[in-house]
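Peer 1: First the structure, then my questions, so here it is.
Values in this text are rule-based calculations from the coordinates and carry no lab data. Computed from a predicted model, the values in this text were never measured in an experiment. Neighbour counts are summed over all protein chains in view; Cβ atoms, including those assigned to glycine, are modelled from backbone coordinates with ideal geometry.
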Amino acid sequence: MTSQAHNAETEAPLGTIRPEVQKEIDELDEFNKKQEKRIHNIEAKALQLTNLYFVFQGVILSSISSASSVKCRHFWIPTLLSLLASALNVVALIGTLNQFLNYSEALDQIREDRNAMAEHRVLTRAQLTDRYRRRPDRLKTFTRKVYVWGRMTLYASFSVVMLYGCHTLLLIGLSYIRWSTISGCNSSNDRVYALQGWMAVLYQQS
């Protein structure tokens with residue numbers, strides 16, 4: 001490979017770009033545009049997943065906070081829905097962010113190869129060796145990974161808080177059942193007892 005690179009350097013006049021090199025540079029420029037579009041779509045997908053998750057969890061919290069919309073014996077359903085939503089979204093988001101990192105790192109390397117080809121003018125990408133090929137900026141790559149996994153950590157932390165909130169409200173719902181003697185909790189006296197039970201559970205949780 002080194003001999004091929006040396007031969008390529010001696011074949012072309014100084015200061016000119018070989019036609020096959022220029023053609024490959026143009027192809028890489030076109031590919032980079034498509035790769036940037038793919039990365040933009042991945043970022044939009046990750047944002048959409050996050051927004052849908054927040055909206056879904058907001059609906060769950062609203063249903064739990066409204067005692068009239070959820071029957072006493074069904075308080076476990078929102079917790080299960082929150083758990084399933086968290087698991088599915090975390091898996092989907094991890095896959096999307098991994099794809100974002102892989103595409104971004106590949107784009108960085110292609111840009112470095114393209115710049116090396118334009119600089120040396122006579123070497124195709126296949127002829128680039130470690131002597132001529134430059135690696136992407138490590139600080140930029142590390143900063144990108146910190147951003148991505150920091151975002152993933154915040155997302156996972158929010159999921160844990162949501163699950164804890166649903167679990168706490170589930171305990172309150174079980175207290176509601178314990179203090180109520182009529183299925184559906186329609187009696188005014190039962191509602192007073194249930195409210196006292198809620199306050200007792202909240203006091204214990206604090």
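Peer 1: May I ask you to compute the full-extension gain from Val161 to Arg134, defined as 0.36 nm times their residue separation minus their alpha-carbon distance, rounded to one decimal in nm?
Peer 2: Details: separation 27, 0.36 × 27 = 9.72 nm, distance 4.42 nm.
Extra length available between Val161 and Arg134 comes to 5.3 nm.
Peer 1: Reachable lysines from Lys140, Cα under 23 Å, same-chain residues fewer than 8 places away excluded?
Peer 2: By straight Cα distance, Lys140 reaches Lys33, Lys34, Lys37, Lys45.
Peer 1: How many angstrom separate the Cα center of the stretch 103-135 from the Cα center of the stretch 12-52?
Peer 2: Here the two parts' Cα centres lie 13 Å apart.
Peer 1: Kindly put His40, His167 in sequence by how many other C-beta atoms sit within 10 Å of each C-beta, fewest to most.
Peer 2: Working: His40 10, His167 13.
Fewest-to-most ranking of His40, His167: His40, His167.
Peer 1: Here is a follow-up. How much length, in nm to one decimal, is gained on full extension between Asn98 and Gln22, taken as 0.36 nm per residue of separation minus their Cα-Cα distance? If you can, show how the numbers build up before the last one.
Peer 2: On the way: separation 76, 0.36 × 76 = 27.36 nm, distance 3.26 nm.
Contour length minus the Cα-Cα distance gives 24.1 nm.
Peer 1: Given R₀ = 45 Å, what would the calculated FRET efficiency be for Ala116 paired with Ser62, taking r from the Cβ atoms and rounding to 0.05? The partial results should precede the final answer.
Peer 2: On the way: r = 56 Å, r/R0 = 1.25.
So the FRET efficiency works out to roughly 0.20.
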